[in-house]
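The structure that follows is given in the form of structure tokens.
The values are calculated or read from the model by the stated rules, or taken from the named source; none is laboratory data. This structure is a prediction, so every number in the text was calculated from the model and none was measured. Using ideal geometry, Cβ is built from the backbone for each residue, glycine included, and neighbour counts are taken over all protein chains shown. The area values use the complete protein model at the heavy-atom level, side chains included, leaving out ligands, DNA and RNA. Shrake-Rupley method; radii C 1.70, N 1.55, O 1.52, S 1.80 Å.
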Amino acid sequence: MFNPHCVVFCVIPKCSSYKASPMSFVIVRKNYYGGNWASFSFSGLLSWIKENQQNTDISDECEDWRKLILENEEVISLSKKDKTIQHVEDFCFGDQDSAENVEEAGALLKLPAFGASDADRVAQESEKECTLVENTLAEVESQEPEKATGTEPASTVEGNDPEITSESESSHDAALGESTPETGSAPSESSAQGPKKITYAQIVREGRRFNIDLVSKLLYSRGLLIDLLIKSNVSRYAEFKNATRILAFQEGKVEQVPCSRADVFNSRQLTMVEKRMLMKFLTFCLDYEQHPEEYQDYENSTFAQFLRTRKLTPSLQHFILHSIAMVSETDCSTLEGLQATKKFLQCLGRYGNTPFLFPLYGQGEIPQCFCRLCAVFGGIYCLRHSVQCLVVDKESERCKAIVDHFGQRISANYFIVEDSYLSENTCTNVCYRQISRAVLITDQSVLNTDAEQQVSILTVPPEDVGKPAVCIIELCSSTMTCMKETYLVHLTCPSTKTAREDLEPVVQKLFNLNEEKETENEELEKPRVLWAVYFNMRDSSGVEKKSYDGLPSNVYVCSGPDSALGNDCAVKQAETIFHEMFPAEEFCPPPPNPEDIIYDEDEIAPEESGFSNSPETKPESSTEESSSGDSTAVKKEDNEE
């Protein structure tokens with residue numbers, strides 16, 4: 001029996017008081033961290049697509065696990081399959097046959113089964129793959145010696161706020177930290193020649209240069225997640241890049257939105273009168289609470305209706321509604337719109353000319369950063385580890401343990417369960433929302449400028465009343481999320497139908513879906529889509545715990561990603577769960593150096609760890625598990641340095 005202090009069925013930003021004991025045991029049934037927050041290489045995403053397109057039932061690994069349940073205990077069965085992803089459709093707009101015998105350079109094989117023999121075999125094959133990586137990299141370097149990929153840490157500067165290194169006027173890389181922030185820079189690209197045609201075979205071969213997020217988000221520079229990363233010092237595990245421009249889609253054209261004071265006065269899109277009107281309104285929004293007489297008559301109106309009363313031109317109303325406040329035209333109230341506008345303006349200027357940061361290598365880096373910190377202070381992570389059921393004491397009605405797919409019983413005081421683990425019986429009264437997602441690989445930006453390395457955000461307003469707007473985030477290769485001379489485009493909106501039905505009309509407006517470019521056609525001006533995937537993702541962020549049937553009081557449910565652009569919902573939920581378990585503890589306090597921790601005599605003793613198939617066996621002393629977890633995390637930390 002393994003007896004940690006807390007069992008977590010998912011990866012969330014959770015840290016207690018950084019003691020070696022008690023510890024957390026994190027169980028993940030997938031072979032990757034982060035669940036629906038994860039990032040994949042191109043081949044990894046293809047495997048994920050195939051897995052979610054197959055509706056195969058998972059059989060029990062151990063059929064006699066019920067022998068572990070005592071007479072005074074009952075079980076709550078858990079779902080064996082993740083059903084949070086639906087309607088997965090992928091499309092290749094090139095010659096797939098040309099990529100039949102092409103292998104991803106440097107790809108490592110996935111562990112196919114649990115067992116030493118399989119692991120040994122994979123280790124041997126991995127050595128062969130390493131040779132392939134060296135040969136491939138040597139070949140690439142010989143072909144393009146002038147281009148190098150990767151990030152080089154810049155010198156650190158002491159200060160209260162993180163510094164930003166800039167390589168050009170439109171490209172800034174930022175690393176967060178309070179005392180010793182690190183800044184990372186990615187090389188900017190400039191091509192004197194025209195855009196080179198990218199084939200599907202090239203995408204497959206360079207698949208490891210892609211880091212494709214399942215969920216698309218940006219970090220507000222003064223948002224809750226940025227504050228948490230700085231406070232907890234988790235920022236040392238990640239590097240960030242500024243979103244360089246805010247775009248708008250109006251009258252069939254994509255144009256850049258001036259949002260800072262300098263952008264407004266330097267803009268050629270706006271007349272002098274419009275510039276004064278816009279600056280006057282934005283100044284009002286920054287301290288609108290001090291002037292309630294300006295908006296109190298419109299508190300029951302929508303924000304769009306309020307904007308019409310401010311004598312703003314239609315163009316300015318469009319910019320404010322869809323590109324600055326980024327709210328719905330029909331559902332957002334005046335106060336909500338003013339709050340969103342103020343949040344946008346307050347985030348300007350902290351790290352750049354836009355309010356947003358994006359983590360290098362993708363949003364999936366954020367969960368892994370918290371994993372590293374947790375592992376350094378004694379947390380244990382176990383991938384490819386399914387859970388059969390929760391074991392509940394009939395008398396106290398509290399959860400005592402779980403039983404895994406090996407038939408092993410793991411006891412703990414608290415249990416945090418990701419929503420996808422709960423069975424249909426538990427979720428009978430739960431009504432879920434859905435998120436429509438699309439990911440595109442394109443050959444050029446939606447708005448070409450002299451500076452190629454742009455990170456852009458674009459909101460496309462709906463054509464029909466009542467439909468949601470579509471948020472588009474376009475990433476360049478310097479974000480380390482795609483190969484050179486390509487762009488990675490994420491589309492997101494709340495679902496009304498399947499993801500393809502919701503998002504394909506927007507894709508057709510902005511991109512060329514033809515496999516071959518045709519001459520004398522307006523489609524030539526649009527970026528060409530090389531590959532695309534559509535899928536629906538469950539949004540359980542608004543579900544309250546009381547909606548679940550029969551959950552014990554010491555079992556906490558955390559949701560997957562929501563449809564919002566920022567991460568405030570996840571941070572608030574993690575903090576709420578943490579304070580319910582540990583009311584007297586501080587949430588994610590600044591961590592001490594592991595070498596500086598002074599252990600009590602009780603903590604010097606080995607952790608109570610050990611596995612048993614008997615429900616009554618006392619845990620045996622063993623430090624192997626905790627040592628393994630620490631060494632892995634420290635190794636990752638050393639690599640970062």
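Going by the conditions given, is residue 284 closer than 19 Å to residue 564 by Cα, of a type in the set (A, V, I, L, M, F, W, C) and either under 23 Å from the mean Cα position of the chain (by Cα) or surrounded by fewer than 18 Cβ atoms within 10 Å (Cβ to Cβ) (or both)? Let's see the steps before the verdict.
Working: closer than 19 Å to residue 564 by Cα: no; of a type in the set (A, V, I, L, M, F, W, C): yes; either under 23 Å from the mean Cα position of the chain (by Cα) or surrounded by fewer than 18 Cβ atoms within 10 Å (Cβ to Cβ) (or both): yes.
Taking the combined requirement at face value, the residue does not satisfy it.
Just for segment 316-362: of the residues that are part of a helix (DSSP H, G or I), over 16 Å from residue 566 (Cβ atoms) and hydrophobic (A, V, I, L, M, F, W, C), which one is most open to solvent (accessible area, probe 1.4 Å)?
335
Spot the failing condition for residue 529; the list is (1) assigned to a loop (DSSP other than H, G, I, E, B); (2) more than 21 Å from residue 364 (Cα to Cα); (3) touching a residue at least 12 places away in the same chain (Cβ under 8 Å), and only one is missed.
The one condition residue 529 does not meet is (1).
When segment 557-566 is examined, which residues are found to be of a type outside the set (Asp, Glu) and open to solvent by 20 Å² or more (accessible area, probe 1.4 Å)? Steps first, answer last, please.
Within segment 557-566, the first condition is being of a type outside the set (Asp, Glu), and the residues that meet it are 557-561, 563-566.
Within segment 557-566, 557, 563, 564, 565 qualify.
Name, by its number, the condition in (1) open to solvent by less than 30 Å² (accessible area, probe 1.4 Å); (2) not in a strand (DSSP E or B) that does not hold for residue 459.
Of (1) open to solvent by less than 30 Å² (accessible area, probe 1.4 Å); (2) not in a strand (DSSP E or B), only one is false for residue 459: (2).
Quick one: residue 439 ticks every box in (1) in contact (Cβ under 8 Å) with a residue 60 or more places away in the chain; (2) surrounded by fewer than 23 Cβ atoms within 10 Å (Cβ to Cβ); (3) assigned to a loop (DSSP other than H, G, I, E, B) bar one, so which box is it?
(3)
Separate question: Provide a single number: the residues in segment 471-496 that are more than 18 Å from the chain's Cα centre (by Cα), more than 18 Å from residue 208 (Cα to Cα) and either among the β-branched types (Val, Ile, Thr) or surrounded by fewer than 19 Cβ atoms within 10 Å (Cβ to Cβ) (or both).
Counting residues in segment 471-496 that are more than 18 Å from the chain's Cα centre (by Cα), more than 18 Å from residue 208 (Cα to Cα) and either among the β-branched types (Val, Ile, Thr) or surrounded by fewer than 19 Cβ atoms within 10 Å (Cβ to Cβ) (or both) gives 1.
On to the next question. Within segment 57-97, work out how many residues are assigned to a loop (DSSP other than H, G, I, E, B), of a type in the set (Lys, Arg) and either at pLDDT below 90 or out of contact with any Ser or Thr (no Cβ under 9 Å at 6 or more places or on another chain) (or both). Step through it out loud before you land on a result.
Step one: filter segment 57-97 for residues assigned to a loop (DSSP other than H, G, I, E, B), giving 57-64, 69-72, 79-84, 93-95.
Those still in the list that are of a type in the set (Lys, Arg) too: 80-81, 83.
From the residues that got through so far, the ones that are either at pLDDT below 90 or out of contact with any Ser or Thr (no Cβ under 9 Å at 6 or more places or on another chain) (or both) too are 80-81.
Qualifying residue count for the region: 2.
List the pairs whose first member sits in segment 281-296 and is free of Cβ contacts under 8 Å to residues at least 60 places away in the same chain, whose second member is of a type in the set (Val, Ile, Thr), and whose Cβ atoms are under 6 Å apart, counting only residues at least 6 apart or on separate chains?
295/334
To continue, here is another question. Answer yes or no as to whether residue 268 is of a type in the set (Lys, Arg), over 16 Å from residue 341 (Cα atoms), part of a helix (DSSP H, G or I) and out of contact with any helix residue (DSSP H, G or I) (no Cβ under 8 Å at 6 or more places or on another chain).
On the way: of a type in the set (Lys, Arg): yes; over 16 Å from residue 341 (Cα atoms): yes; part of a helix (DSSP H, G or I): no; out of contact with any helix residue (DSSP H, G or I) (no Cβ under 8 Å at 6 or more places or on another chain): yes.
No, not satisfied.
In addition: Which pairs have Cβ atoms under 9 Å, sit 6 or more apart or on different chains, and link a residue in segment 220-248 that is on the phi > 0 side of the Ramachandran plot to one that is aliphatic (A, V, I, L, M)?
233/373
Here's another thing I want to ask about it. Criterion first (modelled with pLDDT under 90, of a type in the set (D, E, K, R), within 25 Å of residue 197 (Cβ to Cβ) and open to solvent by 40 Å² or more (accessible area, probe 1.4 Å)) does residue 509 satisfy it?
Numbers: modelled with pLDDT under 90: no; of a type in the set (D, E, K, R): yes; within 25 Å of residue 197 (Cβ to Cβ): yes; open to solvent by 40 Å² or more (accessible area, probe 1.4 Å): yes.
So residue 509 fails the test.
Given the structure, is residue 230 part of a strand (DSSP E or B), at pLDDT 90 or above and either farther than 26 Å from residue 511 by Cβ or in contact with a Cys (Cβ under 7 Å, 6 or more places away or on another chain) (or both)? Give the steps one after another, and end with the answer.
Working: part of a strand (DSSP E or B): no; at pLDDT 90 or above: yes; either farther than 26 Å from residue 511 by Cβ or in contact with a Cys (Cβ under 7 Å, 6 or more places away or on another chain) (or both): yes.
Answer is no for this residue.
Checking the structure you have, find out if any residue of segment 326-341 is at pLDDT 95 or above, touching a helix residue (DSSP H, G or I) at 6+ places or on another chain (Cβ under 6 Å), over 19 Å from residue 468 (Cβ atoms) and among the aliphatic types (A, V, I, L, M).
Looking through segment 326-341, at least one residue is at pLDDT 95 or above, touching a helix residue (DSSP H, G or I) at 6+ places or on another chain (Cβ under 6 Å), over 19 Å from residue 468 (Cβ atoms) and among the aliphatic types (A, V, I, L, M).
All but one of (1) assigned to a loop (DSSP other than H, G, I, E, B); (2) in contact with an Asp or Glu (Cβ under 9 Å, 6 or more places away or on another chain); (3) among the charged types (D, E, K, R) hold for residue 311, so report the exception by its number.
Answer for residue 311: the failing condition is (2).
If you don't mind, another one. Scan segment 571-582 and tell me whether some residue there is in a loop (DSSP other than H, G, I, E, B), at pLDDT below 95 and open to solvent by 20 Å² or more (accessible area, probe 1.4 Å).
The first filter runs over segment 571-582 and keeps only residues in a loop (DSSP other than H, G, I, E, B), leaving 582.
Subsequent filtering for residues that are at pLDDT below 95 retains 582.
If we keep only those that are open to solvent by 20 Å² or more (accessible area, probe 1.4 Å) as well, we get 582.
Yes, segment 571-582 has at least one match.
Which numbered condition in (1) open to solvent by 10 Å² or more (accessible area, probe 1.4 Å); (2) without any contact (Cβ under 8 Å) to a residue 24 or more places away in the chain; (3) not polar (S, T, N, Q) is the only one that residue 274 fails?
The failed condition is (2).
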